[in-house]
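**Student:** Following this message is one structure expressed as structure tokens.
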Amino acid sequence: GTTGSAGHPADVTPDGVERQCRENPHSNGRKYMNSFVRKTMLTTALLLTASSMVQAQDRREKELRIDVAGLTSNDGTTTFGVGLPGSVALGIYMNNKIALEPTISFNSMSGDGASASFMEVGLFVPYYFKGDTGRNGLFVAPGFMYGKVGGDFASDATIDFGVDVGVKKSMRDNVAMRIAANIRTGDSFEDANGDSTIGFGATFGIGIFWK
């Protein structure tokens, strides 16, 4: 059987993972440099985020967001996932329009005597146009993700970039639902020839707020 998280862009089916393992994403100098730049940006952003989160921990509004369903399409393959939790994010609001949102998700699969797992961590920075601390209205959230495949199909780590565009609707004072379309590109998004592709998807989740 298989288990997995909702809305993850990577192909973690046996064929997809095996194909990613065969294709070295750092097979030439350009990709080595791209990977170095991405990892440097990731490290810098995580350090800045950790510093901001420590300073804001006791003063800012916070949101625990759980995505429970998602749809992804990349290089001609479309997948739908449902999970609880599919992915989890902790939003820390810098003001009533901007938040820092570290995220984590985990996929696992097994079958035919083999197994694989995929863990991804990332950081998104949503901007809420209505300005009511992420409870209602349209938003746009750029960000990046760092992922790693393990198990029988272990491969190099990946760094991807993307943006979510969506809407949130308050269900009560401290609970809101979230629907978002997303666009992704990066190390995980390559065709059979190693050329970069763009993945599209959508997610549905809920957010719980507290101070």
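**Student:** Which pairs turn up if I take residues in segment 88-115 that are under 21 Å from GLY137 (Cα atoms) and look for partners that are open to solvent by 30 Å² or more (accessible area, probe 1.4 Å) and basic (Lys, Arg) with beta carbon separation below 8 Å, at least 6 apart in sequence or on another chain?
**Tutor:** ILE92/ARG60; TYR93/ARG60; MET94/ARG60
**Student:** Does segment 188-210 hold any residues that are in contact with a helix residue (DSSP H, G or I) (Cβ under 9 Å, 6 or more places away or on another chain) and not polar (S, T, N, Q), and which are they?
**Tutor:** Going through segment 188-210, the residues in contact with a helix residue (DSSP H, G or I) (Cβ under 9 Å, 6 or more places away or on another chain) turn out to be 188, 190, 192, 194.
Residues satisfying the conditions are GLU190, ALA192, GLY194.
**Student:** Take the residues in segment 187-211 that are surrounded by fewer than 21 Cβ atoms within 10 Å (Cβ to Cβ) and in a loop (DSSP other than H, G, I, E, B); name whichever of them is nearest to the chain's Cα centre (by Cα).
**Tutor:** Among residues in segment 187-211 that are surrounded by fewer than 21 Cβ atoms within 10 Å (Cβ to Cβ) and in a loop (DSSP other than H, G, I, E, B), the one nearest to the chain's Cα centre (by Cα) is ILE198.
**Student:** Considering only segment 140-161, I want to know if a residue exists there that is out of contact with any strand residue (DSSP E or B) (no Cβ under 9 Å at 6 or more places or on another chain) and surrounded by fewer than 20 Cβ atoms within 10 Å (Cβ to Cβ).
**Tutor:** no
**Student:** Can you run down the residue pairs with Cβ atoms below 8 Å, 6 or more apart or on separate chains, where the first is in segment 119-134 and free of Cβ contacts under 8 Å to residues at least 60 places away in the same chain and the partner is outside any strand (DSSP E or B) and open to solvent by less than 10 Å² (accessible area, probe 1.4 Å)?
**Tutor:** PRO126/GLY134; TYR128/GLY134
**Student:** Looking only at segment 164-186, which residues are closer than 18 Å to VAL121 by Cα and open to solvent by less than 40 Å² (accessible area, probe 1.4 Å)? Break it down stepwise before answering.
**Tutor:** Step one: of segment 164-186, the residues closer than 18 Å to VAL121 by Cα are 164, 182-186.
Result: ASP164, ASN182, ARG184, GLY186.
**Student:** May I pose another question? Which of the residues that make up segment 92-116 are farther than 14 Å from GLU61 by Cα, open to solvent by 40 Å² or more (accessible area, probe 1.4 Å) and in a strand (DSSP E or B)?
**Tutor:** Within segment 92-116, ILE104, PHE106, SER110, SER115 meet the criteria.
**Student:** Within segment 60-83, can you find the residues that are hydrophobic (A, V, I, L, M, F, W, C) and more than 22 Å from PRO126 (Cβ to Cβ)? Even if it seems obvious, please write down each step before you answer.
**Tutor:** Filtering segment 60-83 for residues hydrophobic (A, V, I, L, M, F, W, C) gives 64, 66, 68-69, 71, 80, 82.
Across segment 60-83, the qualifying residues are PHE80, VAL82.
**Student:** Restricted to segment 124-133, and to residues that are at pLDDT 95 or above and open to solvent by less than 50 Å² (accessible area, probe 1.4 Å), which residue is farthest from PHE209 (Cα to Cα)?
**Tutor:** Step by step, filter segment 124-133, then rank; the result is PHE124.
The values are calculated or read from the model by the stated rules, or taken from the named source; none is laboratory data. In this text, all values refer to a predicted model and were calculated from it rather than measured experimentally. Note that each Cβ is placed from the backbone with ideal geometry, even for glycine, and that neighbours are counted across all protein chains shown. Keep in mind that these areas ignore ligands, DNA and RNA; they rest on the heavy atoms of the full protein, side chains included. Shrake-Rupley method; radii C 1.70, N 1.55, O 1.52, S 1.80 Å.
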